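One structure is given here, and the rest of the page talks about it.
The values are calculated or read from the model by the stated rules, or taken from the named source; none is laboratory data. Note that the structure is predicted; figures quoted are calculated from it, not measured. Glycine also receives a Cβ, built like all others from the backbone with ideal geometry; neighbour counts cover every protein chain displayed.
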Amino acid sequence: MPTLREDRPYMQFNFRVEIDGKEGGFQEVSGIGTEVTVSEYRQGNDKENNVRKLTGLNKAADITLKRGALGSDVVFKLLDEVRTGKGGNGKSVTIMLMSEDRSDSTPVMTWRLKNARATKVTYGPLNAKGSDVAMEELVIAYERLELE
């Protein structure tokens, strides 16, 4: 259950990410979200000239995780499991927003992504004249989002 704080919103910079119970360090998490689709329907003999809006299926947005390249193959292996058929039924991904001072190890908001699997890994950009950190990016698709 989210922890309500009425005097000010929480800051975005303290968070934890767990994939199947193993914590990973990431610089950025984006795209957490879900929506319910709507279908439009109208019968030809309806008395009003407008469509009806019918509730459709639940749809979850893909998330993107970014971190500095660490010389590790962990991110690549998550995608490799899926493309070789060893990914099984997907993984559990948990994203936890922590308070700014981390005085309590209890998250203030927790998002759980059900039946998640890696769909894309990107490395770079690499630039011989640049001074930025080399990055790796992981895109994860999932079936259902739950807020705890």
Could you tell me whether Arg112 is without any contact (Cβ under 8 Å) to a residue 40 or more places away in the chain, in contact with a Ser or Thr (Cβ under 6 Å, 6 or more places away or on another chain) and either closer than 17 Å to Phe15 by Cα or among the charged types (D, E, K, R) (or both)? yes
Candidate set: region 1-39, residues that are surrounded by 10 or more Cβ atoms within 10 Å (Cβ to Cβ) and farther than 30 Å from Asp101 by Cα; chosen: the one nearest to the chain's Cα centre (by Cα): Glu35
Taking only pairs six or more apart or across chains, which ones have beta-carbon atoms under 6 Å, a first residue in region 76-87 that is over 14 Å from Leu65 (Cβ atoms), and a second residue that is at pLDDT 90 or above? Val82/Arg117; Val82/Ala118; Gly87/Glu81; Gly87/Arg117
All positions within region 114-135 that are under 16 Å from Asp20 (Cβ atoms) and among the basic types (Lys, Arg): Lys114, Arg117
Selected residue (only one of Ile140, Ile63, Ile95 is touching a residue at least 12 places away in the same chain (Cβ under 8 Å) and touching a helix residue (DSSP H, G or I) at 6+ places or on another chain (Cβ under 9 Å)): Ile140
Residue check for Thr64: surrounded by fewer than 10 Cβ atoms within 10 Å (Cβ to Cβ) and polar (S, T, N, Q): no
Please list, ordered by residue number, the strands (runs of 3 or more DSSP E) wholly in region 1-119 having 2 or more residues that are within 19 Å of Leu147 (Cβ to Cβ) and not hydrophobic (A, V, I, L, M, F, W, C). 15-19, 34-41, 52-60, 91-97
Just to be sure I understand, how many residues within region 101-138 are surrounded by fewer than 16 Cβ atoms within 10 Å (Cβ to Cβ) and either touching a Lys or Arg at 6+ places or on another chain (Cβ under 8 Å) or basic (Lys, Arg) (or both)? 5
For the condition within 21 Å of the chain's Cα centre (by Cα) and hydrophobic (A, V, I, L, M, F, W, C), what is the one hit in Leu54, Leu126, Leu97? Leu97
